[in-house]
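Attaching a single structure in structure tokens format; questions to follow.
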Amino acid sequence: MPEKENIGFFKRKDIEISFKRYVQDAPSAMALGLFASLLIGLIFKTIGEQMVHIPGFTEKTWIVAFLILVGKTAMEMMGPAIGVAVAWALKSPPLVLFASAATGAMGATFTGFGIDVFGGPAGAFVAVAVGAEFGKMVSRETKVDIIVTPAVTLIMGGIAAKLIGPGVGWCMLKLGDSIKIATEWQPFWFGIFISVIVGLVLTAPISSAALCIMLSLSGLAAGAATAGCCAQMVGFAVISFRDNGIGGLVAQGIGTSMIQVSNIIKHPWILLPPTLAAAITGPISTCLMHMTNNSAGAGMGTSGLVGQIMTLTDMGFTGDVFVKILILQIALPAVLSYIIYEIMRKRGLIKDGDMKLEM
């Protein structure tokens, strides 16, 4: 009987420890929080810094100074943005949601006992998840809910931010460092591996942007990740044009290939053309073109052209880099995916309508 009561309590409080909520919903919301703070802030900051190269503009020009200030401030608000986003995904009531802005900041900035490393995005996620779930347990259970609920959320989130977050953040950084070192050591094989895996993560209902930022991916590894994400997005946009027209081209090309998930489940062969394209463009990125990126752009692909903006930010705003982006991140995945798609379509593995989107 007590076990049934506990099940009823967790259901009533909407506390659900499941794959969907913690691997799909919460990281996807976290990515939105990252985009609304760190990524868009970095874009504004980059625009402001590049404007100084335009005649008539200096660092003291009001628009330049304003864009840099807005960008830096938005980037500093990464923790609170993650806090609100993740708490929202966990279906937190208002007081828990609002307090999670603070636990997100704690998780991102606290260091641990003996670990002189910030929790970062991963630490923010952990602190918010722990604080929010405990906050939900006590929400509306007392007559002083306005004190108890945020207090429990903050205390439990703060404990997680101090005891767990820095360790998780350290592990993610070390894993990211290992991937970067491995890519420098074996650029061909790891170029394939990273490009394919991160590209598949982007198309799956999991956030590739959040993954790359938590791993602090950079350098050649981030360049390969970008290539893989672009291959999935541009690839699906091109090969599904027959089914979806210009609307589908735009939705997938600068939106996300994730909208093909339901079609992939029904027709798995459609995943092969962009994935093989990623396997080809990954090592071209690492071995031939030596493309790099930062963690903010590595998992974005062509979504909002953030991957391209961040590539320019990392490699420099030069004509040579522009050409490399056009070839590797747009033209090559489009051509490769289409060739593979046509071969498979002629063999009957992919049929018209397999990639039709309900728009």
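If I go through the stretch 136-153 residue by residue, how many of them are in contact with a Ser or Thr (Cβ under 8 Å, 6 or more places away or on another chain), at negative phi and assigned to a loop (DSSP other than H, G, I, E, B)?
Qualifying residue count for the region: 1.
Of all residues being among the β-branched types (Val, Ile, Thr) and within 19 Å of Ala89 (Cα to Cα) in the stretch 3-54, which is surrounded by the most Cβ atoms within 10 Å (Cβ to Cβ)? Just the residue, please.
Here the answer is Ile15.
On to the next question. Given the structure, is Asp352 charged (D, E, K, R), in a loop (DSSP other than H, G, I, E, B) and either without any contact (Cβ under 8 Å) to a residue 40 or more places away in the chain or more than 23 Å from Gly191 (Cβ to Cβ) (or both)?
Considered against the rule, which asks whether it is charged (D, E, K, R), in a loop (DSSP other than H, G, I, E, B) and either without any contact (Cβ under 8 Å) to a residue 40 or more places away in the chain or more than 23 Å from Gly191 (Cβ to Cβ) (or both), Asp352 comes out as yes.
Could you list, ordered by first residue, the pairs with Cβ atoms under 7 Å in which the first is in the stretch 121-132 and among the β-branched types (Val, Ile, Thr) and the second is surrounded by fewer than 24 Cβ atoms within 10 Å (Cβ to Cβ), at least 6 apart or interchain?
Close Cβ pairs satisfying both conditions: Val126/Ile164; Val126/Val168; Val130/Met156.
Are any residues in the stretch 55-75 touching a residue at least 24 places away in the same chain (Cβ under 8 Å), surrounded by fewer than 16 Cβ atoms within 10 Å (Cβ to Cβ) and either of a type in the set (Lys, Arg) or closer than 16 Å to Gly297 by Cβ (or both), and if so, which ones?
Lys72
Residues in the stretch 284-323 that are surrounded by fewer than 20 Cβ atoms within 10 Å (Cβ to Cβ), in a helix (DSSP H, G or I) and not hydrophobic (A, V, I, L, M, F, W, C): how many?
Here the count works out to 3.
In the stretch 331-359, what residues are modelled with pLDDT of 95 or more, more than 13 Å from Ile270 (Cα to Cα) and in contact with a helix residue (DSSP H, G or I) (Cβ under 6 Å, 6 or more places away or on another chain)?
Leu332, Pro333, Ala334, Leu336
Determine whether the stretch 178-188 contains at least one residue that is under 19 Å from the mean Cα position of the chain (by Cα) and either assigned by TED's automatic domain parsing to the domain that holds Ile340 or charged (D, E, K, R) (or both).
yes
Applying the selection to the stretch 115-135, what residues are closer than 23 Å to Ser295 by Cβ and in a helix (DSSP H, G or I)?
Of everything in the stretch 115-135, those that are closer than 23 Å to Ser295 by Cβ and in a helix (DSSP H, G or I) turn out to be Gly120, Pro121, Ala122, Gly123, Ala124, Phe125, Val126, Ala127, Val128, Ala129.
Also, I was wondering about something else. Would you confirm whether any residue within the stretch 266-278 is at pLDDT below 95, closer than 19 Å to Ala209 by Cα and either surrounded by fewer than 21 Cβ atoms within 10 Å (Cβ to Cβ) or not assigned by TED's automatic domain parsing to the domain that holds Ser208 (or both)?
no
Counting only residues that are of a type in the set (A, V, I, L, M) and surrounded by 15 or more Cβ atoms within 10 Å (Cβ to Cβ), which one in the stretch 141-154 is farthest from the chain's Cα centre (by Cα)?
Val148
Return only the number of the condition from (1) in contact (Cβ under 8 Å) with a residue 40 or more places away in the chain; (2) in contact with a Gly (Cβ under 6 Å, 6 or more places away or on another chain) that Ala251 does not satisfy.
With (1) in contact (Cβ under 8 Å) with a residue 40 or more places away in the chain; (2) in contact with a Gly (Cβ under 6 Å, 6 or more places away or on another chain) applied to Ala251, the lone miss is (2).
The values are calculated or read from the model by the stated rules, or taken from the named source; none is laboratory data. Fair warning: this is a prediction, and the values are worked out from it, not measured in the lab. Because the Cβ atoms are built from the backbone with ideal geometry, glycine has one as well, and the counts that use them run over all protein chains shown.
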